[in-house]
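Contents: one structure, followed by commentary.
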Amino acid sequence: MKFFLTTGRSIDQGVALEGQKLGRENVKACAICEFDKDDFAKLDCMIGTPVKVTTNFGEIIVYSQISEQGPHPSIIFIPMGPWANAVVDSETYGTGMPSYKGTEAEVEVVKSGRILTALEIIKSYK
Amino acid sequence: MKKIKNFEDVVCPFCGTLCDDLKIILEDNKIIEVDNACAIGTAKFFSSNVSEHRYTKPMMRNNGKLEEVTWDEALNKAAELLANAKRPLSYGWSSTECDAQRKAVELMEICGGVLDNTASVCHGPSLLAIQDVGCPTSTLGEYKNRADLVLFWGSNPVHAHPRHMSRYSDFIRGYFRVDGHLDRTIIVVDPRTTHTAQMADMHIRLNPGEDYELFNAIRALCRGVELDVKEVAGVPIKQIKELVEILKSCKFGVLFFGLGLTMTKGKHRNVDAGISLIRELNEHTKFNLTPMRGHYNVSGANIVFTWSTGYPYSIDFSKDYPRYNPGEFSAVDILKTNDFDVTLIVASDPASNFPKDAVINMLKKPLISVEPHKTPTSEMADIVLPPAIAGIECEGTAYRMDKVPIRMRKVKNAPEDCMADYEIIEKLIEKVKELKGE
């Protein structure tokens, strides 16, 4: 299914970044993809099932969730962090600001796939 | 016998709201209670207690592993890397106090490096727009006392500035807004029905990335131009007309805008359109705007860098005088073009917060991290210099999102012999000068 990906702050992400960045708190807060309720029904999976989010800039596996901040049909939300940043467009168009919001994304449910921790993602870049 | 200490009116060093009414209870230099703060502010104060998440001693990479070293060893090596670098990049600086920011300018000037703060991936585009068209603005206190219309555009304070609405923009009673929430109209413009939108009197759900179109449609309708379309940016014309009437008829309006404008297509042009709308509305009523700044002292970083160099962020010293060019000297662009040879990161975690290809390049070259907590950036760094946490373990000045400076307090001692950020940078300056023979 195709979506618009937006990324940004969430209060859980904010709490997790205060001294918990390498821990499970950060994974629980940020390694998630929030769907509009009706969009999620079309995915035909249980809440928490891993989904692979693919864009022109990369792919990442995160937990699926129904958004508490809906409706927002055709928009998916991943809180800011290494998971979201694995798939956003780094182009700044001369402003210094990458395009963190509004990336076109494809989502598929994955039956198996490990959700990486923040440090595992960054280590994979070295 | 345990020693209990109480602190009142403590300033919270988390977001740009810079709440200054916290109560902290300390037991033997350990924070045991935080009152009045939001969930994130509370977590920040508790995170200062020594734990497995916090560095207490400098670290250096040896055979691929970070190992404890003395301050002298770590500072000497960091200074050597900076002194020998042709073009060091220093980034971060928004979650620390103004003295450290002042020292940042001095260090990068000596090194001929590039200096950027987190505004470049936050409200940098807003600064570009403000430089182009100006910014009618005011303080949060004025908004609290006067504003009867509050417009949040691309901003979700319930999550990003959790006490903003209760302290300044919605629930609080003001001098002319005696009934608080009941005396104000709250409007949210956002593609998602955010928790802030769920509490608002009106939610305009626009298509993602079409803010520019919507701003200009509102401007046209404000001028009495009829639009020959049924909707703009996915919003029915009828709803836009209703919004225009509310905006024009308020006594004192304020636009708080967030990264929904700066991170989407259009970036600074969106903010430019927003400011132009405010200018338009001032033909009919009183209207101001204020960016919802994220890091508690990102405003301070912009102010200190501006009074020191003339520019708020993305500053290059390679020609011995400061040059400003976001898109070229901004951290993400410097990293993407590989135009650096060492990075000095202070009070920030770009490994988590930058797009993947910028991070990949950052990790290819020596990395120095001045950071109290274990983060993906610090754990990948070659040198970690752990500071005292500004606003908790050392005092300093920070600028609120409305550019009001507030003096932050020290409530506890830093672990071991951790120094304040500005002391660490001061020592680096001394050593770099020595190595460069200055």
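All of the numbers you see were taken from the coordinates with simple rules; none came from a lab. Every value quoted in this text rests on a predicted model; they were computed, and no experiment measured them. Neighbour counts run over all protein chains shown; Cβ positions are idealised from the backbone, glycine included.
Going down the list A:K37/A:K101; B:K3/B:K23; B:K23/B:K57; A:K111/B:K44; A:K126/B:K77; A:K126/B:K336, which pairs span over 26 Å between their C-alpha atoms?
Over 26 Å apart, Cα to Cα: B:K23/B:K57; A:K111/B:K44.
What residues have an amide H closer than 5 Å to that of B:F287, excluding those fewer than 5 places away on the same chain, when H is modeled at 1.01 Å from N in the peptide plane?
B:G253
I need the semi-axes of the equivalent ellipsoid of chain B: take the C-alpha gyration tensor, multiply each eigenvalue by 5, square-root it, list largest first in whole angstrom. All intermediate terms of the calculation are to be shown ahead of the outcome.
On the way: eigenvalues 325, 139, 60 Å².
Those come to 40, 26, 17 Å.
For the protein assembly as shown, give the share of DSSP beta bridges that are antiparallel, in percent and rounded to the nearest 5; count only bridges with both residues there.
Details: 44 of 89 bridges.
Counting DSSP beta bridges with both partners in the protein assembly as shown, the antiparallel share is about 50 percent.
Percent relative contact order of chain A, based on C-alpha pairs within less than 8 angstrom and at least six residues apart? Spell out each step's value before the answer.
Details: 246 pairs, mean separation 47.4, N = 126.
Averaging sequence separation for qualifying contacts and normalising by length gives 38 percent for chain A.
Output the peptides A:95-102, B:12-19, A:24-31 sorted from most to least packed, where packing is the average of other Cβ atoms within 10 Å over each peptide's residues.
Packing proxy ranking, top to bottom: B:12-19, A:95-102, A:24-31.
If the elastic network links every pair of Cα atoms under 10 Å, which of B:L115, B:L428, B:L89 fluctuates the most in the Gaussian network model of chain B?
B:L428
Express in whole angstrom the spacing between the alpha-carbon centres of the stretch B:184-213 and the stretch B:354-397.
Centre-to-centre distance over Cα atoms comes out at 35 Å.
How large is the dipole of the stretch B:124-291 about the Cα centre if only Lys and Arg carry +1 and Asp and Glu carry -1, each at its Cβ, rounded to the nearest 20 debye?
On the way: 21 positive and 19 negative charges, 79 e Å.
In debye, rounded to 20, the stretch B:124-291 gives about 380.
Within 10 Å of each Cβ in A:4-13, how many Cβ atoms from other chains are there, averaged over the peptide?
Details: counts 4, 1, 9, 2, 11, 11, 6, 9, 3, 3.
Mean inter-chain Cβ contacts per residue within 10 Å come to 6.
Using the Cα atoms of the stretch B:344-413 to build a convex hull, what is its mean projected area in square nanometres?
Details: hull surface 22.7 nm².
That works out to 5.7 nm², a quarter of the Cα hull's surface.
If the cut-off is 16 Å between C-alpha atoms, which aspartates and glutamates fall inside it for B:K230, apart from same-chain ones fewer than 8 positions away?
Of all the aspartates and glutamates, those that pass the test against B:K230 - Cα under 16 Å, at least 8 places apart if same chain - are B:E210, B:E213, B:E242.
Could you tell me how many degrees, from 0 to 90 and to the nearest 10, lie between the Cα long axis of helix B:71-84 and the main elongation axis, the longest principal axis, of the Cα atoms of chain B?
Helix B:71-84 and the main axis of chain B meet at about 70 degrees.
Within 10 Å of each Cβ in peptide B:378-384, how many partner chain Cβ atoms are there on average? Round it to a whole number, please.
Working: counts 2, 6, 5, 0, 0, 0, 0.
Whole-number average of other-chain Cβ neighbours for B:378-384 is 2.
Would you mind telling me the antiparallel percentage of the DSSP bridges in chain B, rounded to 5? Intermediate results must be reported in sequence, preceding the final value.
On the way: 28 of 64 bridges.
So the antiparallel bridges in chain B amount to around 45 percent.
Work out from phi, with θ = phi - 60° and the Karplus expression 6.51 cos²θ - 1.76 cosθ + 1.60, the ³J(HN,Hα) of each residue of the stretch B:23-31, listed in order in whole Hz, and give x for Gly and Pro.
Each residue's phi maps through the Karplus curve to give 10, 10, 10, 10, 10, 6, 6, 10, 6 Hz.
Any idea what Rg and Dmax come out to for the protein assembly as shown if you just take the C-alpha atoms, in Å?
That works out to 23.1, 77 Å for Rg and Dmax.
Provide the packing ranking of B:288-295, B:315-322, i.e. peptides ordered by the mean count of other C-beta atoms within 10 Å per residue, highest first.
Working: B:288-295: 25.6, B:315-322: 16.5.
Final packing ranking: B:288-295, B:315-322.
Give a residue-ordered list of calculated ³J(HN,Hα) values for the stretch A:61-76 (Karplus: 6.51 cos²θ - 1.76 cosθ + 1.60, θ = phi - 60°; whole Hz; x for Gly, Pro).
Each residue's phi maps through the Karplus curve to give 9, 9, 6, 8, 8, 8, 6, 7, 10, x, x, 8, x, 6, 10, 10 Hz.
In whole Hz, what ³J(HN,Hα) sequence does the stretch B:149-159 give by Karplus (6.51, -1.76, 1.60; θ = phi - 60°), x for Gly and Pro?
Along the stretch B:149-159, the couplings run 9, 10, 10, 9, 10, x, 9, 10, x, 4, 9 Hz.
Explain nothing, just the number: relative contact order of the stretch A:56-120, from Cα pairs under 8 Å at least 6 residues apart, as a whole percent.
On the way: 45 pairs, mean separation 25.6, N = 65.
Across the stretch A:56-120, relative contact order equals 39 percent.
Roughly how many debye, to the nearest 20, is the charge dipole of chain B about its Cα centre, given +1 on each Lys and Arg Cβ, -1 on each Asp and Glu Cβ, and no other charges?
On the way: 54 positive and 60 negative charges, 135 e Å.
For chain B, the charge dipole is close to 640 debye.
Search the structure for amide H atoms under 5 Å from the amide H of B:L89, placed 1.01 Å from N in the peptide plane, and list their residues when 5 or more places away or on another chain.
Amide H neighbours of B:L89, under 5 Å, 5+ apart: B:V114, B:D341, B:V342, B:T343, B:L344.
Taking beta carbons within 10 Å but only from partner chains, what does the mean come to for residues B:320-330?
Working: counts 0, 0, 0, 0, 0, 2, 5, 6, 3, 1, 6.
Neighbouring Cβ atoms belonging to other protein chains average 2 per residue here.
Under the rule of at least 5 residues apart or a separate chain, name every residue whose amide H is placed under 5 Å from the amide H of A:T103.
Close amide H contacts, sequence-distant or interchain: A:L5.
May I ask you to derive the relative contact order of chain B, considering only C-alpha pairs under 8 Å and at least 6 residues apart, and to give it as an integer percent? Let's see the in-between values first.
Numbers: 957 pairs, mean separation 107.7, N = 438.
Result for chain B is 25 percent.
From the cross-link list B:K265/B:K364; B:K65/B:K103; A:K28/A:K123, which pairs have alpha carbons spaced over 27 Å apart?
On the way: B:K265/B:K364 30 Å; B:K65/B:K103 30 Å; A:K28/A:K123 19 Å.
Too far apart for the 27 Å limit: B:K265/B:K364; B:K65/B:K103.
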